[in-house]
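This report concerns only the one structure given below.
Readers should treat all values here as calculations from the given coordinates under stated rules, not as data from a laboratory. Everything numeric in this text was worked out from a predicted model, so none of it was measured. In this analysis, Cβ positions are derived from the backbone assuming ideal geometry, glycine residues included, and neighbour counts consider all displayed protein chains.
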Amino acid sequence: MSRSHRAAPVNVGDDDSHLKSLGYTPVLVRRMGSFGNFAVSFSVISILSGCMTLYGFGMTTGGPAVMLWGWAGVGFMVLLLGLAFAEVTSAYPTSGALYYQAHTLGGPKWGWYTGWLNLLGLLGAIAGIDYGASQFTGALLQMQFSFTPTPGKLFLIFAVILLLHALVNLRGVRLVSVLNGVSVVWHLAGVAVIVGVLALVPAHHQSAAFVFTHFVNQTGWHNPVYVVGIGLLMAQYTFSGYDASAHLSEETTRASVAAPRGIVRSIWVSWIAGLVLLAGLTFAIQNYAGTVGTATGVPPAQIFLDALGPTGAKLLMLIVIGAQLFCGAAEVAAASRMAFAFSRDGALPGSAWWRKVSPTTATPVAAVWLSVVAALVLTLPVLYSPTAYAAVTSINVIGITPAIAIPVFLRLRAGRRFKPGPWNLGGWSRPIGVVAVVWVACVTVLFCLPQVSPVTQNTFNYAGVVLVLVLVGAEVSFRKSGPRYSVPRADRAMAELEAEVV
């Protein structure tokens with residue numbers, strides 16, 4: 001590869017000058033500090049969202065042993081991937097993040113495919129987070145008002161939550177940053193409260209042998225290795241979204257250092273807190289079969305009910321729902337910045353519309369609406385398929401995770417031609433990057449496989465189909481529009497963007 005790469009500036013505080021050196025005229029406003037940048041990724045990872053919404057999936061797909069040991073193993077592999085990705089982000093801190101990095105390191109086609117995968121994963125994340133919040137909201141309403149959580153009613157709640165998150169994001173990045181700061185405290189305090197109450201109140205707890213070694217297989221598949229593999233989805237799905245720190249880098253001060261630190265810190269803090277949360281939940285299970293088949297449709301809600309009674313369960317459910325709402329708001333912020341950046345470089349149909357920025361809030365308004373509407377459409381199969389939610393979460397994993405690994409792979413291919421930023425791994429860069437890329441290749445294939453047997457119209461995992469359709473669409477659109485796609489755009493084009501601000 002003959003392409004040379006710009007080094008990050010020595011003065012990491014000179015953010016706008018660095019952004020201009022990467023080819024962009026600053027349009028967004030830097031109102032987010034280092035803590036806020038960490039908080040947005042921590043909020044998107046949201047252990048109180050991912051762990052809780054897929055806890056029932058984990059109970060039937062490997063059970064406690066896979067959930068606990070899978071969390072430990074997946075968390076370590078994701079930390080390696082996050083370290084490698086953070087190094088590339090330090091050199092190229094832009095809102096486009098993954099696709100900009102891939103384009104710069106590998107050329108236009110690499111950037112194009114990475115961008116579409118990243119966008120797919122981000123939209124899948126919004127869908128998974130907010131529909132999970134609707135499920136927990138439905139369970140809470142059932143406890144309080146004898147509400148029946150049918151697919152149609154849950155989808156309506158889901159639509160209302162999407163609307164709420166759109167309105168929050170339209171207020172500007174300062175509000176998003178404040179909410180993410182509150183979210184960090186809410187998540188950590190929430191885990192402490194949930195685990196503390198579940199440890200002290202119930203008279204009965206499961207044994208350590210049960211929590212760490214009990215294997216459960218209710219998938220219909222007979223190969224335990226296969227079941228363990230697909231059972232890792234809960235952990236891998238939860239450990240998604242830390243690319244949000246990179247997407248918000250154009251709104252972060254000292255971005256070349258703050259963004260990579262935000263990525264890594266959000267992973268290891270979530271790793272530790274999530275392990276504590278899963279252990280606390282699993283020790284508190286009173287009736288395994290009753291929890292799996294709960295009428296609430298949400299196994300953690302049944303754990304709360306059995307262990308604490310209705311009042312205590314409702315209070316803990318409010319903690320979980322609050323965390324999920326914080327998480328969804330942060331994910332919409334990340335997805336909208338990605339859509340804005342991709343449109344800024346002419347990669348989306350109707351780019352001239354999606355890249356417009358409000359002069360009042362410095363927010364990409366159209367990109368916010370695009371993100372929530374696309375997530376709504378992506379979730380429509382839950383209306384007729386009981387396993388569609390697992391497919392939605394798989395879409396998140398097989399979109400975002402490869403998109404993160406591609407710049408890491410290209411950085412490895414570039415070798416010494418890659419000029420690292422002020423935050424880098426030094427001699428550890430290559431071994432960490434190689435292990436991370438191999439891991440991503442494995443989980444991408446794994447989560448496209450059938451999750452339940454027999455495979456029917458209702459149990460079909462459509463995540464792989466969506467992935468193929470996106471890749472085919474990316475190839476067709478690149479052939480048609482690729483020649484007009486430029487990263488970064490020329491100063492003249494950026495002047496046109498500024499003239500379009502509404």
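Taking a ≥ b ≥ c as the square roots of the eigenvalues of the Cα gyration tensor of segment 415-486, is the shape rounded (a/c under 1.5), prolate (a/b larger than b/c) or oblate? It comes out oblate by the Cα gyration axes.
Taking θ as phi - 60° and the Karplus parameters 6.51, -1.76 and 1.60, the scalar couplings of segment 318-325 work out to 5, 4, 5, 4, x, 5, 5, 5 Hz in sequence order, x denoting glycine and proline. Taking packing as the residue-averaged number of other Cβ atoms within 10 angstrom, the listed peptides 417-426, 398-407 run from highest to lowest as 398-407, 417-426. Taking the Cα centre of segment 37-499 as reference, the dipole from Cβ charges on Lys and Arg (+1) and Asp and Glu (-1) amounts to some 1060 debye. For segment 45-119 versus segment 441-464, the inter-centroid distance based on Cα atoms is 19 Å.
Sort Cys448, Cys51 by Cβ crowding within 10 Å, fewest neighbours at the top.
Cys448, Cys51
Backbone geometry of segment 406-418 corresponds, through the Karplus equation with coefficients 6.51, -1.76 and 1.60 at θ = phi - 60°, to 3J(HN,Hα) couplings of 4, x, 5, 4, 5, 5, 5, 5, 5, x, 6, 6, 7 Hz, x marking Gly and Pro. The slack in the chain from Tyr226 to Trp268, taken as 0.36 nm per residue of separation less the alpha-carbon distance, amounts to 12.4 nm.
Placing R0 at 30 angstrom, the Cβ-Cβ distance between Val435 and Ser17 gives a FRET efficiency of 0.30 after rounding to 0.05.
Can you tell me the relative contact order of segment 37-499? Whole percent, Cα pairs under 8 Å, sequence separation 6 or more.
33 percent
Can you check what the net charge comes to around Gly124, using other residues whose Cβ is under 12 Å from the Cβ of Gly124 (Lys, Arg +1; Asp, Glu -1)?
-2
The length gained by stretching the chain between Ala203 and Gln286 to full extension, at 0.36 nm per residue less their Cα-Cα distance, is 28.9 nm.
Here's the list of lysines a cross-link from Lys480 could span, going by alpha-carbon distance under 30 Å and ignoring same-chain residues fewer than 8 apart: Lys20, Lys109, Lys356. Along the axis of the charge dipole computed for the chain (Cβ charges of +1 for Lys and Arg, -1 for Asp and Glu, origin at the Cα centre), the listed residues Ile157, Gly121, Phe136 are led at the positive end by Gly121.
For segment 27-41, 3J(HN,Hα) computed residue by residue from phi via the Karplus equation (6.51, -1.76, 1.60; θ = phi - 60°) reads 10, 7, 9, 8, 10, 10, x, 5, 5, x, 5, 4, 5, 5, 6 Hz, glycine and proline entered as x.
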